[in-house]
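Beneath this line is the structure, given in structure tokens, with notes to follow.
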Amino acid sequence: MFNTLSDRLTSTFKNLRGKGRLSESDINATIRDIRLALIDADVATPVVREFTGRVRERALGAEVSGALNPAQQVVKIVNEELIAILGGQTRNLQLAKSGPTVIMLAGLQGSGKTTFAGKLARFLRDQGHFPVLVAADLQRPNAVTQLEVVGDRAGVPVFAPERGNIGGHDVVADDVEGTRSYGDPVWVAQAGVAQAKVRQYDVVIVDTAGRLAVDENLMQQARDIRDAIQPDEVLFVIDAMIGQAAIETALAFSEGVDFTGVVLSKLDGDARGGAALSVASVTGRPIMFSSTGEQVKDIEVFHPDRMASRILDMGDVLTLIEQAEKAFDKRQAAEMARKFMEEEDFTFDDFLQQMAAIKKMGNFKALLGMMPGMAGMKDQLNSLDEREFDRVEAMVRSMTPFERTHPKQINGSRRARIARGSGVSVSEVNQLLERFTQAQKMMRQMRRGGGMPGMPGMPG
Ligand code: GDP
């Protein structure tokens, strides 16, 4: 995700490296590159303008710093401004103080709503909640069946009142006002919520119908459902791959249903994704989750600071650690975190360890993209299969323990030996080493200068 944008921004910063001082024309040139990169990534024009304006102003006004060289200073500013357009703080779900928390999903057909409903249900279940899904999408043939399949995978019950079936029992939603009508999504949503109350589920996720394009009937229906069930959260699900149309769609839903948060779906695709970057800033609503695949486990809480790090190829070490903790040895994960905090250099041994963990975790492309320095490999990543992954691993395994912890000492003859040992060309070894050194440097800079964004207890 955001591959091209990431590549473009990092290469822009590369041009600044080694400069002792930035002149106004250096800064202007950099801003121009950033602007073009954002526009090419489909970021909405007003957002681009505001973003580059702020970066420019801050870069020009930046004091000469003892800790950061000018290039690092620009990266730091861009990072902070990226976090700002992505919504700033991480925003968690607002849970109801009493009674079940009601979460309504809205979005266009095909945006990934139903898939996300299952992921969210599973995510909440894993946190100890008792969620239930309500099938209020009566528009699309099969939508109810699809939600049942999704619920089944998530291990969460589905209420489908329009079938006269609520959680496997007959409808007993007599306390729902209005005429009982199985064809009426508003009634269905209400009956579902009423049932959840009676049966003491603590979260109700209501999946609503979408259309292929924004239309007034759709908005009216969404508003009616919203007014009837008074949700604690209305999450707008948007396909990150829809390009510039994202802005228009987001604004239409923002005016039409007034959602409280955004879900970016299909972030695993390699589309430009920039439009998605504009949604928070254009609608003033935070991105709360991202959906990164077709499996029920492919859901992440959206952290603006971590996403900015990923885009700038500083690696999303925190998410990686969290995923690692879920999948493997907590001690190893803690050790990785400690190293990162305590200025110890990331070594090829750590790299191997992460790779092993990633393999265990599955969905390894998404995870690999979070590793520092890996964004430079995006093209390879996309066409990647396990074999290429194995080649990198083979190279690292052909290094001696000394080489793994002292990558700088890997001279020409060592490189040739590693290449021979792993059956690749010397230039592949060179590339790996270069990427690795850059990643190390980047991590060091983030720690020393200005701190790692989002690391608790570090100066920001
Ligand atoms: P809905 O019409 O909004 O309910 O959309 P669906 O949940 O039915 O999703 C539409 C299509 O997108 C389906 O084929 C899903 O498998 C696929 N999909 C949904 N979420 C993701 C995602 O995060 N990544 C990918 N790659 N595909 C997704």
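Could you give me the residue pairs with C-beta distances under 7 Å whose first residue belongs to the range 182-207 and is within 16 Å of the ligand (Cβ to nearest atom), whose second residue is of a type in the set (K, R) wherever it lies, and which are 6+ apart or on separate chains?
Close Cβ pairs (under 7 Å, with a partner that is of a type in the set (K, R)) amount to D207/K113.
Mind listing whichever residues of the range 127-141 are within 14 Å of the ligand (Cβ to nearest atom) and surrounded by fewer than 23 Cβ atoms within 10 Å (Cβ to Cβ)? Outline the logic, then answer.
In the first step, residues of the range 127-141 are kept if they are within 14 Å of the ligand (Cβ to nearest atom); the result is 133-141.
Within the range 127-141, L138, Q139, R140, P141 meet the criteria.
Taking the range 88-126, which residues are in the same structural domain as D184 (by TED's automatic domain parsing), more than 12 Å from the ligand (Cβ to nearest atom) and touching a Gly at 6+ places or on another chain (Cβ under 9 Å)?
Result: A121, R122, R125.
All but one of (1) assigned to a helix (DSSP H, G or I); (2) crowded, with 24+ Cβ neighbours inside 10 Å; (3) not hydroxyl-bearing (S, T, Y) hold for N217, so report the exception by its number.
Status for N217: all satisfied but (2).
Please go through the range 247-261 and pick out each residue that is aliphatic (A, V, I, L, M), assigned to a helix (DSSP H, G or I) and farther than 11 Å from V279 by Cα.
The one that is aliphatic (A, V, I, L, M), assigned to a helix (DSSP H, G or I) and farther than 11 Å from V279 by Cα: A252.
Could you say which residue among L108, L82 is in contact (Cβ under 8 Å) with a residue 24 or more places away in the chain, assigned to a loop (DSSP other than H, G, I, E, B) and surrounded by 21 or more Cβ atoms within 10 Å (Cβ to Cβ)? Outline the logic, then answer.
Values: L82 fails: assigned to a loop (DSSP other than H, G, I, E, B).
None of the other options fit; the residue is L108.
Return yes or no: is V144 at pLDDT below 90 and surrounded by fewer than 24 Cβ atoms within 10 Å (Cβ to Cβ)?
Yes: the conditions hold for V144.
Quick test for you: out of V176, V158, pick the one residue that is more than 13 Å from the ligand (Cβ to nearest atom), modelled with pLDDT of 75 or more and in the same structural domain as V206 (by TED's automatic domain parsing).
Step by step, each of V176, V158 is checked, and only V158 is more than 13 Å from the ligand (Cβ to nearest atom), modelled with pLDDT of 75 or more and in the same structural domain as V206 (by TED's automatic domain parsing).
Only one of (1) crowded, with 20+ Cβ neighbours inside 10 Å; (2) within 19 Å of the chain's Cα centre (by Cα); (3) over 30 Å from E148 (Cβ atoms) is not met by K113, so which one is it?
Against the list (1) crowded, with 20+ Cβ neighbours inside 10 Å; (2) within 19 Å of the chain's Cα centre (by Cα); (3) over 30 Å from E148 (Cβ atoms), K113 comes up short only on (3).
So V204 passes all but one of these: (1) crowded, with 17+ Cβ neighbours inside 10 Å; (2) modelled with pLDDT under 95; (3) in contact with a helix residue (DSSP H, G or I) (Cβ under 7 Å, 6 or more places away or on another chain). Which condition number does it fail?
(2)
Of the residues that sit in the range 277-292 and are within 12 Å of the ligand (Cβ to nearest atom) and within 22 Å of D7 (Cβ to Cβ), which one is modelled with the lowest pLDDT?
If we take residues in the range 277-292 being within 12 Å of the ligand (Cβ to nearest atom) and within 22 Å of D7 (Cβ to Cβ), then T292 is modelled with the lowest pLDDT.
Mind checking whether some residue in the range 32-41 is part of a loop (DSSP other than H, G, I, E, B) and aliphatic (A, V, I, L, M)? Don't jump to the end; show me each part of the working.
Taking the range 32-41 and keeping what is part of a loop (DSSP other than H, G, I, E, B), we get 41.
Then drop every residue that is not aliphatic (A, V, I, L, M), which leaves 41.
Yes, the range 32-41 has at least one match.
When the residues of the range 401-417 are narrowed to those that are surrounded by 14 or more Cβ atoms within 10 Å (Cβ to Cβ) and either under 35 Å from the mean Cα position of the chain (by Cα) or hydroxyl-bearing (S, T, Y) (or both), which ends up nearest to A439 (Cα to Cα)?
If we take residues in the range 401-417 being surrounded by 14 or more Cβ atoms within 10 Å (Cβ to Cβ) and either under 35 Å from the mean Cα position of the chain (by Cα) or hydroxyl-bearing (S, T, Y) (or both), then P407 is nearest to A439 (Cα to Cα).
Does R153 satisfy the criteria of being more than 13 Å from P185 (Cβ to Cβ), in contact (Cβ under 8 Å) with a residue 40 or more places away in the chain and more than 13 Å from the ligand (Cβ to nearest atom)?
Taking the combined requirement at face value, the residue does not satisfy it.
Scan the range 232-246 and give yes if some residue there is farther than 23 Å from Q295 by Cβ, part of a helix (DSSP H, G or I), in the same structural domain as Q139 (by TED's automatic domain parsing) and away from the ligand (no atom under 16 Å from the Cβ), otherwise no.
Within the range 232-246, not a single residue is farther than 23 Å from Q295 by Cβ, part of a helix (DSSP H, G or I), in the same structural domain as Q139 (by TED's automatic domain parsing) and away from the ligand (no atom under 16 Å from the Cβ).
What is the one condition in (1) surrounded by fewer than 21 Cβ atoms within 10 Å (Cβ to Cβ); (2) closer than 28 Å to A246 by Cα that V55 does not satisfy?
(1)
Could you check how many residues of the range 421-445 are of a type in the set (D, E) and without any contact (Cβ under 8 Å) to a residue 12 or more places away in the chain? Spell out the reasoning first.
The first filter runs over the range 421-445 and keeps only residues of a type in the set (D, E), leaving 428, 434.
Right, trim to without any contact (Cβ under 8 Å) to a residue 12 or more places away in the chain and you get 434.
Qualifying residue count, the range 421-445: 1.
The values are calculated or read from the model by the stated rules, or taken from the named source; none is laboratory data. As the structure is a prediction and not an experimental result, all values here were calculated from the model. FYI the Cβ positions are ideal-geometry reconstructions off the backbone, even for glycines, and counts take in every protein chain you see.
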